[in-house]
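Everything below concerns the one structure shown next.
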Amino acid sequence: MINIKEYRCDFCTACVTVCPPDCIEVREASIKIDNDTCIDCNLCTYVCPIEVLSPDEE
Amino acid sequence: MKNNYDIVVVGGGPGGSMAALHSAKGGANVCLLEKTRDIGYPVRCGEAMGEWAIKQFFEPKQSWIAADIKRSRIVAPNGIPIDIPFNKEQAYVLNRRVFDYDLSLMASKEGADVFTKCYVKSIDRNDENGYDVHLDYLGEHKSIKTKLIIGADGIESRIGRWAGIKTQINMRDMESCIQYSVGNIEVDSNRIDMYVGDNWAPGGYLWVFPKGDGAANIGLGIGSKYNRKKSAKKYLDEFIENKYPEATIHTTMCGGVPCSKPMAHPICDNVMLVGDAAHFINPITGGGIAAAMKSGMFAGQVGSEAIIANDYSQNFLKKYISLCQKDFTKRHEKIYKVKETITKLTDDEMNQMALKINELPPHKITLGKVFTTAIMKKPSLIIDVMKMFAGF
């Protein structure tokens, strides 16, 4: 699981670019992660320039 | 919107508009699909471009240009500036909002249909040797039949991924970037500044590109392995606080830049990728406007020829690859090698270089000289570096 601070997001798609299973969808002003296909690799959290994404620690 | 187009171009940046323009020019029935409501906005770019690079395509309009750049300054990690005047070459900081918009107007003038708020959801091979493009246009589902898709959909490059082209980027080559458009600062409006070193921007650089009237684009890119520990935003906020505490922030934009080698095979049957989607980016400067426009132009030309020949096979489309190679991909591959050398320089080495360079008489300081000092151990790279910077 990845936590998303949606209102912080700039929808730049850096996360989409590095996501191995292609489970992130970014549109004009929305970001969604499909938790069924997410593999918890956390690559998206490493690349996000403004700390929108973080691993869910639970 | 028709149900059938010879060519569908996905993405309305400079690469997409050039692809649509040249597809239409070649006689193809083409549409350009942009997912946001505005072509040219949001801007995700430092907006600098070499004069010669733009003049390959068009005589620049005054409204495209925010600032004329006549010199550059590289600031070493310890704060020592190296000032480098441009000799013959000149550069611009563009207004991408106006520039991108105008390019799309040119495409439509040539006959391309342009649609905004048009989000491509998936693509499917159909039984007519082409693709069905499924999209959401203003909240309604639509499908378009097409023979050729030109993916100009930027770094995310989902078109390429769906078509089976390997588009994923090695994290090692990924730069995390953020930029503020600021006002209320004092800068030389004819000079671009670049800060290097681990303090400012580890594994990348920080830029101050003036936009006239006390405004500038201030941004940075850092290697993703550094971003993981401390975000690009934190680095930029610290810089602004230290150097330009009075600055007001008018736009925040961010993005990822793949500073990788260009994609070796950005095509497959019925699909071509252009610009960022094909990783056509100068791996050192991160600049991609010129390569996007060039590849868009080539893709449009080859695409319209494919329509006339009624052949959309990879074998026909490979002409696109050789056109790109001759023009810029080979150069980008060399630059990538240079990048690998430069990123190994430590802050101390860069500081020493700055001292040495500043001992030279001012008229002898050129960008080439800076990099000759940088890569003295590998003299064969000098020529590549000079060529690269001549091309911005």
Item to check | Net length gained if the chain between B:Asn3 and B:Glu140 were fully extended (0.36 nm per residue, minus Cα distance) | outcome: 47.9 nm
Item to check | Viscosity 0.890 mPa s, temperature 25 °C, Stokes-Einstein D of chain B from Kirkwood C-alpha radius, µm²/s | outcome: 114 µm²/s
Checklist entry - Which links in B:Lys55/B:Lys339; B:Lys121/B:Lys145; B:Lys61/B:Lys145; B:Lys225/B:Lys339 stretch past 25 Å when you go from one Cα to the other? => result B:Lys55/B:Lys339; B:Lys61/B:Lys145
Checklist entry - List the aspartates and glutamates whose alpha-carbon lies under 16 Å from that of B:Lys356, not counting same-chain residues fewer than 8 positions away? => result B:Asp83, B:Asp347, B:Asp348
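Using only alpha carbon pairs under 8 Å that are at least six residues apart, calculate the relative contact order of chain B and give it in whole percent.
This gives 21 percent for chain B.
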Checklist entry - What list of ³J(HN,Hα) values in whole Hz, one per residue of the stretch A:48-57 in order, does the Karplus curve 6.51 cos²θ - 1.76 cosθ + 1.60 (θ = phi - 60°) give from phi, with Gly and Pro shown as x? => result 4, x, 10, 6, 7, 9, 8, x, 7, 6
Item to check | In Å², nearest 10: area of B:Ser304 left accessible to a 1.4 Å probe | outcome: 10 Å²
Checklist entry - Taking the Cβ-Cβ separation of B:Glu128 and B:Glu359 as r and a Förster radius of 56 Å, what is the calculated FRET efficiency to the nearest 0.05? => result 0.25
Item to check | Phi-based couplings in Hz for the stretch A:2-17 (Karplus 6.51, -1.76, 1.60; Gly and Pro marked x) | outcome: 10, 7, 10, 8, 4, 6, 8, 5, 9, 6, 7, 6, 4, 5, 4, 4
Item to check | Relative contact order computed over the stretch A:2-55 (Cα-Cα under 8 Å; 6+ residues apart), in percent | outcome: 44 percent
Item to check | Long-range amide H partners of B:Gly130 with built H, under 5 Å | outcome: none
Checklist entry - Taking N as the number of residues in the protein assembly as shown, what is its Cα Rg relative to 2.2 N^0.38 Å? => result 0.96
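Can you pull the mean other chain C-beta count within 10 Å for peptide B:165-176?
3
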Checklist entry - Among bridges DSSP assigns within the protein assembly as shown, what percent are antiparallel (round to 5)? => result 75 percent
Checklist entry - What Kirkwood hydrodynamic radius do you get for the stretch B:99-215 when you take the inverse of the mean 1/r over all pairs of distinct Cα atoms, in Å? => result 18.6 Å
Item to check | the stretch B:4-12 - phi-based ³J(HN,Hα) in whole Hz, Karplus 6.51/-1.76/1.60, Gly and Pro as x | outcome: 9, 9, 4, 10, 10, 9, 9, x, x
Checklist entry - Reachable aspartates and glutamates from B:Lys344, Cα under 12 Å, same-chain residues fewer than 8 places away excluded? => result B:Asp198
Checklist entry - Which value in deg cm²/dmol, rounded to the nearest 500, describes the helix-derived mean residue ellipticity at 222 nm for chain B, given -39,500 (n - 2.57) per DSSP H run of n ≥ 4 and division by the residue count? => result -10000 deg cm²/dmol
Checklist entry - On alpha-carbon atoms, Rg over Rh for the stretch A:2-55 using Kirkwood Rh? => result 0.89
Checklist entry - Which helices of chain B meet both criteria: a Cα extent of 27 Å or more along the helical axis and a mean Kyte-Doolittle score no lower than -0.5, with helices taken as whole DSSP H segments? => result B:289-309
Checklist outcome for this item: Diffusion coefficient in µm²/s returned for the stretch B:165-280 by Stokes-Einstein, Kirkwood Rh over C-alpha pairs, 4 °C and 1.567 mPa s, is 84 µm²/s
Item to check | Mean Cβ count within 10 Å, highest first, over the residues of peptides B:61-67, B:159-165, B:307-313 | outcome: B:159-165, B:61-67, B:307-313
Checklist entry - Using mean Cβ contacts within 10 Å as the protection proxy, how do B:19-31, B:255-267, B:124-136, B:317-329 order, highest first? => result B:19-31, B:255-267, B:317-329, B:124-136
Checklist outcome for this item: For B:Cys118, other-chain or 5+-apart residues with amide H closer than 5 Å (H placed, Pro excluded) are B:Glu34, B:Lys35, B:Thr36
Checklist entry - Given that compact globular proteins tend to follow 2.2 N^0.38 Å, what is the ratio of the alpha-carbon Rg of the stretch B:204-345 to that value? => result 1.31
Item to check | Rounded accessible area per residue of the protein assembly as shown, 1.4 Å, Å² | outcome: 44 Å²
Checklist entry - With N residues in the stretch B:49-94, what two-decimal value do you get for its Cα radius of gyration over 2.2 N^0.38 Å? => result 1.39
Next on the checklist: Using a Cα-Cα cut-off of under 20 Å, which aspartates and glutamates could be cross-linked to B:Lys326, ignoring same-chain neighbours fewer than 8 residues away?
Outcome noted: B:Asp276, B:Glu305, B:Asp384
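The values are calculated or read from the model by the stated rules, or taken from the named source; none is laboratory data. Predicted model, so just to flag it, every value in this text is computed and none were measured. So basically every Cβ, Gly included, is an ideal-geometry build from the backbone, and we count neighbours across all protein chains shown. All accessible areas refer to the heavy atoms of the entire protein, side chains included, with ligands and DNA or RNA removed. Shrake-Rupley method; radii C 1.70, N 1.55, O 1.52, S 1.80 Å.
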